[in-house]
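Notes follow the structure.
The values are calculated or read from the model by the stated rules, or taken from the named source; none is laboratory data. Please read all numbers here as calculations on a predicted model, not as lab measurements. Every residue, glycine as well, gets a Cβ built from its backbone with ideal geometry; the counts of neighbours run over all protein chains shown.
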Amino acid sequence: MPLRNLTETRTHMTPKPRLVDSFGRVHNNLRISVTDRCNIRCVYCMPEKVEFMPRERLLSYEEIARFVAIVAPLGIDKIRLTGGEPLLRKDLDVLVRMIKAIDGVADVGMTTNGMLLAPMARRLRDAGLERINVSLDTLDPGRFERLSRRPGLEDAIEGVLAAKREGFDPVKLNAVIIRGFNEEDIAPLGRFAREHGLEVRFIEYMPLDAGHLWEREKVVFAAEILDVLTREIGPLAPTPDQDPRAPALDYDYLDGGGRVGLIASVSRPFCMSCNRLRLTSDGKIRNCLFALEETDVRDLLRSDTPDEAVARAVAASVAAKWEGHEINTARFIQPDRPMYSIGG
């Protein structure tokens, strides 16, 4: 099948094919998990004891780069590397260079827990990595260990500061707030971000834990978080001209002291503006974070399968994307894969 029949037909109005689902959502954002391995065991993401995939099941850098080269002409121009912990993959800067060299890729970012970031920050910056998100749920060492089941807060903070020193812009903190665990960290994280010129994004607790122990009662909703920040730090106003496809609702402090993002996945699902698809570390395409079905492209990438066949598989996955995850309905089914195996 000709590539132009996979997606929208080329016209002078659409200079290249686009990945569009049945709801008209255009997909240009690809999140690539490079490993399921992690050096911590966050309670909302993975179990205390876990058996990671054999390394031979993971896509190689060459396979990942081939996949990006296939989907870039379909309109994928924004890449984010995730894990597990992506910096557990040796020489991740090599992969960054490979992806940056692909025509059509405009932006490459990474999400990390920051613990291994400080010694790698310059190499990643030199390779062309542009944006870094660091998952940091607390500034309290005791709560850090209870949440992550491992020590390492000082290393994570040093990673954040190293990224800032090396000129990454923006550097964002991702904080999952869980009732009964770390509500008291909302204001301290907000102040820390203001002090160091960072943007903190608070994320509602989602049902993606390995033990399927998620409870709605443990969700601290975005409106509550906004109230805490306003009361304890200062008034905020919605950021003008926000990207309607972005998952976060952005707010600026009225005193000019920075920006806060709220990802309200539970209380305000943003499914109908979603522009993302995911490639797992073992080569599965997921058209939604909560998808119950996957498309296997690893075997296609490891064979003599033409690039056009891989592109057709991607287009078919996007075309089959559902309306939304339905967390707030009785129809919701939690996926078998926990977060660390999907890719953050």
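Annotations
- Index of the failed condition, GLU308 passing every other in (1) acidic (Asp, Glu); (2) touching a residue at least 60 places away in the same chain (Cβ under 8 Å); (3) in contact with a Gly (Cβ under 6 Å, 6 or more places away or on another chain): (3)
- Scan of the stretch 280-301 for residues that are at pLDDT below 95 and of a type outside the set (Asp, Glu), ordered by number: ARG286, ASN287, CYS288, LEU289, PHE290, ALA291, LEU292
Residue by residue, here is whether (1) closer than 19 Å to SER135 by Cβ; (2) hydrophobic (A, V, I, L, M, F, W, C); (3) at pLDDT below 95 holds:
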site: ARG201; (1), (2), (3): yes, no, no
site: LEU213; (1), (2), (3): no, yes, yes
site: GLU217; (1), (2), (3): no, no, yes
site: ASP227; (1), (2), (3): no, no, no
site: ILE233; (1), (2), (3): no, yes, no
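- Filter pass, ASP185 being in contact with a Lys or Arg (Cβ under 9 Å, 6 or more places away or on another chain) and outside any helix (DSSP H, G or I): no
- If you go through the stretch 136-170 and keep only what is touching a Cys at 6+ places or on another chain (Cβ under 8 Å) and buried (at least 20 other Cβ atoms within 10 Å of the Cβ), you end up with ASP137, LEU147, SER148.
Quick grid of which residues meet (1) of a type in the set (Gly, Ala, Ser); (2) surrounded by fewer than 22 Cβ atoms within 10 Å (Cβ to Cβ):
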{"site": "VAL43", "(1), (2)": "no, yes"}
{"site": "SER60", "(1), (2)": "yes, yes"}
{"site": "PHE67", "(1), (2)": "no, no"}
{"site": "ALA72", "(1), (2)": "yes, yes"}
{"site": "PRO86", "(1), (2)": "no, no"}
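- Scan of the stretch 115-162 for residues that are within 20 Å of VAL94 (Cα to Cα) and polar (S, T, N, Q), ordered by number: ASN133
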